[in-house]
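Data block below; observations after.
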Amino acid sequence: MSVALANENSIQIGKYTFSSRLMVGTGKYASNEEMVAALDASGAEVVTVAVRRVNLDRTGDSILNHIDLNKYSLLPNTAGCYTLEDTLRTARLGREALETDLIKLEVLGDEKTLFPDNEATLEAARILVKEGFTIMPYTSDDPIMARKLEDIGCAAIMPLASPIGSGLGITNPYNISIILETVKVPVIIDAGVGTASDAAAAMELGCDGVLMNTAIATADDPVKMARAMRLGVEAGRLAKAAGRMPKKLYATASSPTDGLLT
């Protein structure tokens with residue numbers, strides 16, 4: 001079980017502490033106003049932005065002009081990068097433009113599935129850790145890769161639940177459970193969450209947080225879905241902390257049987 005589970009009220013990622021375990025993205029909203037309302041409903045503190053896809057100089061109607069930096073911490077991401085060189089350049093640009101060493105590291109290996117290139121991710125993380133970044137890598141649900149990423153100094157591990165934007169939920173809970181046993185840094189589910197029950201399931205497994213974008217932004221009512229995700233994360237966290245009843249093959253009466261008249 002990840003050590004961060006011991007702290008009910010906050011999640012520690014490197015030198016940063018956050019009280020909300022739900023992290024959200026900023027893409028695909030119908031308007032900036034809708035995005036702002038959804039961010040507020042989510043209760044998130046960490047908001048991720050794609051460095052390659054936003055106006056970092058805040059010119060025009062950049063989404064950065066709509067994010068209250070007194071309320072949210074920005075998490076730049078390297079979404080859309082397919083090579084080591086492009087990933088490193090994007091991460092460094094994000095740090096300079098957004099003034100944070102936090103980075104959600106993505107190195108994609110395939111345009112159709114958007115699965116990560118694990119070897120390139122590991123190499124990029126190794127380089128950026130040495131440059132002082134606080135690395136949160138998007139990776140496959142491979143426990144061996146998770147351990148390697150932790151060993152080189154990543155502050156969290158972010159395995160996919162299922163392909164990005166698929167909404168399939170956690171397709172391999174067994175690997176996620178093994179990752180939770182393998183590493184000591186926070187484990188944050190990234191990609192594939194479709195609805196609040198998926199978020200709750202991730203937390204019930206013992207994950208330390210969930211990051212999502214599409215599930216909220218493309219819902220019929222993003223603001224309601226953002227609130228649902230917030231409650232799902234909180235409910236799953238509470239259920240894990242409470243300790244569920246054991247599963248049994250046969251029924252057990254819920255009322256006491258002692259002292260019954262025969």
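The values are calculated or read from the model by the stated rules, or taken from the named source; none is laboratory data. Keep in mind that this is a model prediction, so the values were computed, not measured. Quick reminder, even Gly has a Cβ in these numbers, built from the backbone with ideal geometry, and neighbours come from all protein chains shown. Protein only, heavy atoms only, side chains kept; ligands, DNA and RNA dropped before computing areas. Shrake-Rupley method; radii C 1.70, N 1.55, O 1.52, S 1.80 Å.
Things worth noting here:
- Per-region count, the range 142-174, residues farther than 24 Å from residue 127 by Cβ, of a type outside the set (S, T, N, Q) and out of contact with any Ser or Thr (no Cβ under 6 Å at 6 or more places or on another chain): 6
- Residue that is surrounded by the most Cβ atoms within 10 Å (Cβ to Cβ) [pool: residues in the range 214-252 that are touching a Gly at 6+ places or on another chain (Cβ under 7 Å) and farther than 12 Å from residue 199 by Cα]: 217
- Answer from 128, 149, 75, 64 - the residue that is among the aliphatic types (A, V, I, L, M), under 24 Å from residue 218 (Cα atoms), open to solvent by less than 10 Å² (accessible area, probe 1.4 Å) and assigned to a helix (DSSP H, G or I): 64
- Taking the range 131-146 as the range and being outside any helix (DSSP H, G or I), of a type outside the set (A, V, I, L, M) and open to solvent by less than 50 Å² (accessible area, probe 1.4 Å) as the test, the residues that pass are 132, 133, 134, 137, 138, 139, 140, 141.
- The conditions of being in a loop (DSSP other than H, G, I, E, B), without any contact (Cβ under 8 Å) to a residue 12 or more places away in the chain and small (Gly, Ala, Ser) are met by residue 251.
- Selection status of residue 198, over 14 Å from the mean Cα position of the chain (by Cα) and acidic (Asp, Glu): no
- Hey, residue 165 open to solvent by less than 40 Å² (accessible area, probe 1.4 Å) and at positive phi or not: no
Conditions tested, residue by residue: (1) at positive phi; (2) open to solvent by 60 Å² or more (accessible area, probe 1.4 Å); (3) without any contact (Cβ under 8 Å) to a residue 40 or more places away in the chain; (4) not β-branched (Val, Ile, Thr).
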site	(1), (2), (3), (4)
38	no, no, no, yes
42	no, no, no, yes
84	no, no, no, yes
100	no, no, yes, no
118	no, no, yes, yes
121	no, no, yes, no
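- In the range 216-235, the residues that are of a type in the set (S, T, N, Q) form Cβ pairs under 9 Å with partners that are open to solvent by 30 Å² or more (accessible area, probe 1.4 Å) and outside any helix (DSSP H, G or I), at six or more places apart or across chains, as follows: 218/28; 218/29; 218/165; 218/167.
- Count of the range 36-61 residues which are closer than 14 Å to residue 216 by Cα and aliphatic (A, V, I, L, M): 7
- Any hit, the range 181-188, residues being surrounded by fewer than 19 Cβ atoms within 10 Å (Cβ to Cβ), assigned to a loop (DSSP other than H, G, I, E, B) and basic (Lys, Arg): yes
- From the options 26, 48, residue that is under 21 Å from residue 232 (Cα atoms), open to solvent by less than 20 Å² (accessible area, probe 1.4 Å) and either without any contact (Cβ under 8 Å) to a residue 12 or more places away in the chain or out of contact with any helix residue (DSSP H, G or I) (no Cβ under 9 Å at 6 or more places or on another chain) (or both): 48
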